[in-house]
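One structure is given here, and the rest of the page talks about it.
The values are calculated or read from the model by the stated rules, or taken from the named source; none is laboratory data. These numbers come from a predicted model, not from an experiment. So basically every Cβ, Gly included, is an ideal-geometry build from the backbone, and we count neighbours across all protein chains shown. Accessible surface is based on the protein model in full, side chains and every heavy atom, while ligands, DNA and RNA are left aside. Shrake-Rupley method; radii C 1.70, N 1.55, O 1.52, S 1.80 Å.
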Amino acid sequence: MKQTEPDFWVLEYVTITKDPRTGLVVAIGGTEKAADILQRTGGFLSAPGPRGDYHRLQHGLPVEQQRRKATAASNALLAAGHSVHLDPMLNMLVAPDGEREAALRYLAGLAERAAAATTSSEVAEVLTEIAAPVHGLLPLAREVVVRAWIAASDFQGATPAGEPDPIARLGSTATSMSEAARAILHARNHVARPAQRPATTSPPPSRAQPAVSRRR
């Protein structure tokens, strides 16, 4: 008996997340009932989109207000029986200290994986976690340094004459982090290659001198 796929009402699923390009908190999906909850509980506004209407919070809201409104709307939707995905960065019920502890455990786990590696592929996996171009730890840390450098450049006054500019060195540090990530990825690629055993050379055949028969 052939089994058929169940019917899912995809539009009943609501995703609340922060758009990385605009910084707006948006809610996508949901029925009219979900839209009513978003508007009443979270203060979301209806907006037209290329693939239909969606909801968003107001422009220019502080981060804490974004988190508070998104968390309130998510909990109200869940209580009404809707399926919701809330971006963890917007969830006020997730303690920042808990996220930091989880990050520290993750780093400690990587160190343990590197120490316990028994194959080159396992080492390559750890190096990938560190320096992957998009989600690697080092590129993400570099992004933090770059943003801090930009912010510090706006706030910092002129450096006294004859002293090195620490803000400029911060920008140079970001460049060094990029170079370090590339070096780690190069090492990862080298480690990931299968080991090639040196070819064994067999000794050349001995040239035995033929016995010379002598007639007397």
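Details
- In terms of the mean number of neighbouring beta-carbon atoms within 10 Å, the peptides 115-125, 77-87 order highest first as 77-87, 115-125.
- With protein chains left intact and a 1.4 Å probe, residues in region 25-138 average 61 Å² of accessible area per residue.
- Euclidean distance between Cα centres, region 60-119 to region 18-57, Å: 21 Å
- The string of couplings for region 170-181 from the Karplus curve (6.51, -1.76, 1.60, θ = phi - 60°) is 5, x, 5, 5, 4, 5, 5, 5, 5, 5, 5, 4 Hz, one whole number per residue in order, with x for Gly and Pro.
- Of all accessible heavy-atom area on region 28-141, the percent that carbon and sulfur account for (1.4 Å): 58 percent
- Burial order of peptide ranges 19-25, 137-143 (average beta-carbon count within 10 Å, highest first): 137-143, 19-25
- Rolled with a 1.4 Å probe across the full set of protein chains, the surface gives residue 113 an accessible area near 100 Å².
- Convex hull volume of the C-alpha atoms in region 48-140, normalised per residue: 187 Å³.
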